[in-house]
Amino acid sequence: MSMKRPLSAEDLERIHVVDDARLSSDGERYAFVQKCIQSDTNSYYSNIYTQYLTDDVPVQWTFGSYANFSPRWSPDGSSLAFVSDRSGLNQIWMMSTSGGEPKQITFVKHGASNPVWSPDSQKLLFETEQAPEEDIFTTEEGSSDNFSSPVKIDRLRYKSDSRGFHHSRRAHIGLFRFDREDTSLLTNGSYDHYSPDWSPDSQFIVFSANRNSDEDISPVQDLYTLNIETKEISKLTDSAGTFTNASWSPDGSWIACTGHELEYKSATINQIWLINPLTKERKGMTLKWDVQIGDYMIGDIRTGHTSDKPVWSSDQEHIYFLASENGKVGLYQMDMHNEITAVHDEDNHVFSFSFHPKNEQFVLGISDPSNPGDFYSRRLEDKRRVRLTDVNASFLKEVDLSLPETLSVRTDDHWDVHGWIMYPVDYEEGQTFPLILEIHGGPHAMYGHTFFHEFQLLAAEGYGVLFSNPRGSQGYGQAFADACRRDYGGKDFGDLLAILDYAVDSYEFVDRNRLGVTGGSYGGFMTNWMISHTDRFKAAVTQRSISNWLSFYGVSDIGFFFTDWEIGVPLHQDPEKLWHHSPLLYVKDIHTPLLIMHSENDYRCPIEQAEQLFINMKYLNKTVSFLRFPGANHELSRSGPPALRIERLVHMIDWFHHYIKK
């Protein structure tokens, strides 16, 4: 009998999240970030650690209850730059690798992020924001926005879920020169500029931007080069798609990047491209490989992706990158003849990698359903990996976890749907248990072989957990990813019912009379859709959901293009189609007790979506409760205030207990 205890909601505070591995210039050690929760202040802090590949234990380099992240070694090995909020806002700081105190090197008004060293170690790029005519080079940090005064809006893209209301501020690329200790902006104009990289001679940069006159409405992202002395800008791509994560080859003859030509709008899978910076020739290197480039795994303990850029080998014969396939995220190698081979392809989630070209040495960050994540080293030609960290050892020794079983279902129209089922932690043969169907957001993302605290909590509380990748998910090719567009609530709904039917019929522990359903964002939309089209569920919890596509079009930060891309029409062309796909239209058919959870500052799926659903259900005397989370945005479950993340889980469990498990 297991001596371990069931996992709890509060265990979220025990989990250490590591990310962003970066090998040093000599390849002998690496730096990484470890993020933790500080419960007494209801906040997060993160520190930078380093570890020699031959050592058993990493060494902490930064201290205090600050956010220290994005460690970047200088090419000459003398310094480590990083981002820290210890001065009040995120700014770039630097430490000598031989020791000493950190030194702040940027003092920009709206903060700085994403440090990128020049190959000669004499310069550093960073990203910041600036409003027109604003002096951002001031020692006075903070925003000048006056939210007590009227704000005139002239743009479609005046807010975002990640940045909030940013009004006229634009994203720009800055430059710090160490020889002059001088800070300047390289980009200008009313455009947003992102993801810079250096040419090998340290004279040019490449970055992503939309600098077209229709940039406010156009979804394209082009690549540009910029001469740092003359500020001359050259456009490399033709505004036919979205291209980013540029990485210059060692000899400067090619730029690798990820992107696509928007053939399937938001469902288009990424490719690896090579662009000649002189001739602007562009070659799609992975066009015949029907796999999504990048990390598209969904979990609830980490945010963002730190290993999106393609990485070159020293001889320029290979490029390394992550890709998502069949519920896994692996590391792959591509040669210049478009041959792709797996470097690491296992049933787990590579969330970070760093490669030292001369040593052919990798450091991999890997998570699986039994571990939130650790780092491993391995050589290119050696499939064995050596564990470097064990940051959650004490926590994992205490808790009893449920490991998913893989399942697959063939639908009536001959599509294969991939999923997983988890047994309750207290499972005993011969007993039956309730089952919760989890539905992911996106919809163009994927569930898979990674750690998921929420799923483990449900299993610890006596529930089976069923999760899957219905049509529209990434990881199963272009046709599959595109299959839910213009058909929300159609075949995707059928896929979820098919996998639910399979689980109920195939697993004797599942009590078919005690089923629940939950999901967030698209998963919240689908939760609303399911309970308005079937009475199979005893209870439901909808999170950050969509209930009305008509209003979503005008209130979401992405509504004006996402609605067209996903449902198939903009509001002014066919409002009836948007209404047809809106769960609110079918609210009278909802008989399932519903808990609505939504964040007050959600600009992706604004809270009015929840308000409409709640008011209509309440007016019709349906069983419904509405839980509002102040100070949180669309990312509540992954990066919201820790106390609210725990409250979200507690209320979810209480709702299911009351209506299903009692």
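The values are calculated or read from the model by the stated rules, or taken from the named source; none is laboratory data. Because the structure is a prediction, the values reported are computed rather than measured. For neighbour counting, all protein chains shown are included, and Cβ atoms are generated from backbone atoms with ideal geometry for every residue, glycine included.
For the stretch 230-269, give me every one of the strands (runs of 3 or more DSSP E) that falls completely inside it and has 1 or more residues that are crowded, with 21+ Cβ neighbours inside 10 Å. I'd like the intermediate steps shown before the answer.
On the way: elements: 233-235, 242-248, 255-260.
By residue number, 242-248, 255-260.
Return yes when Ala481 is without any contact (Cβ under 8 Å) to a residue 12 or more places away in the chain and either within 25 Å of Asp654 (Cβ to Cβ) or small (Gly, Ala, Ser) (or both) and no when it is not.
When the stated conditions are applied, Ala481 does not pass them.
Can you name the strands (runs of 3 or more DSSP E) wholly within the stretch 107-210 that have at least 2 residues being surrounded by 14 or more Cβ atoms within 10 Å (Cβ to Cβ) and not hydrophobic (A, V, I, L, M, F, W, C)? Steps first, answer last, please.
Values: elements: 113-117, 123-130, 170-177, 182-185, 193-198, 204-209.
The strands (runs of 3 or more DSSP E) meeting that bar are 113-117, 123-130, 170-177, 193-198.
With respect to Ser324, determine if the residue is polar (S, T, N, Q), buried (at least 19 other Cβ atoms within 10 Å of the Cβ) and in a strand (DSSP E or B). Give the steps one after another, and end with the answer.
On the way: polar (S, T, N, Q): yes; buried (at least 19 other Cβ atoms within 10 Å of the Cβ): yes; in a strand (DSSP E or B): yes.
Yes.
In the stretch 579-622, how many are in a loop (DSSP other than H, G, I, E, B) and either loosely packed, with under 15 Cβ neighbours inside 10 Å or more than 30 Å from the chain's Cα centre (by Cα) (or both)?
The number of residues fulfilling the criteria is 8.
Within the stretch 347-396, can you find the residues that are of a type in the set (Asp, Glu) and surrounded by 14 or more Cβ atoms within 10 Å (Cβ to Cβ)? Spell out how you get there, then give the answer.
So the first thing to find is which residues in the stretch 347-396 are of a type in the set (Asp, Glu), and the list is 347, 360, 368, 374, 381-382, 390.
Matches in the stretch 347-396: Asp347, Glu360, Asp368, Asp374.
Quick one: Ile546 ticks every box in (1) part of a loop (DSSP other than H, G, I, E, B); (2) touching a residue at least 40 places away in the same chain (Cβ under 8 Å); (3) touching an Asp or Glu at 6+ places or on another chain (Cβ under 8 Å); (4) not charged (D, E, K, R) except a single one, so which number is it?
(3) is the only condition that Ile546 fails.
Determine, yes or no, whether Glu346 is acidic (Asp, Glu) and either modelled with pLDDT of 95 or more or touching a strand residue (DSSP E or B) at 6+ places or on another chain (Cβ under 7 Å) (or both).
yes
For the stretch 284-321, give me each residue that is out of contact with any Ser or Thr (no Cβ under 7 Å at 6 or more places or on another chain) and in a strand (DSSP E or B).
The answer is Gly284, His318, Ile319, Tyr320, Phe321.
Do the conditions hold for Tyr463, that is, is it hydroxyl-bearing (Ser, Thr, Tyr), surrounded by fewer than 24 Cβ atoms within 10 Å (Cβ to Cβ) and touching a helix residue (DSSP H, G or I) at 6+ places or on another chain (Cβ under 9 Å)?
No, not satisfied.
Testing Gly64 on (1) in contact (Cβ under 8 Å) with a residue 24 or more places away in the chain; (2) on the phi > 0 side of the Ramachandran plot; (3) out of contact with any Asp or Glu (no Cβ under 7 Å at 6 or more places or on another chain); (4) not basic (Lys, Arg), one condition comes back false. Which one is that?
Of (1) in contact (Cβ under 8 Å) with a residue 24 or more places away in the chain; (2) on the phi > 0 side of the Ramachandran plot; (3) out of contact with any Asp or Glu (no Cβ under 7 Å at 6 or more places or on another chain); (4) not basic (Lys, Arg), only one is false for Gly64: (1).
Name the residues in the stretch 623-643 that are within 20 Å of Tyr659 (Cα to Cα) and either aliphatic (A, V, I, L, M) or not in a strand (DSSP E or B) (or both), would you?
Thr623, Val624, Leu627
Residue check, Tyr332 against (1) under 28 Å from Val399 (Cα atoms); (2) outside any loop (DSSP other than H, G, I, E, B), all met but one. Which one?
Result: Tyr332 fails condition (1) only.
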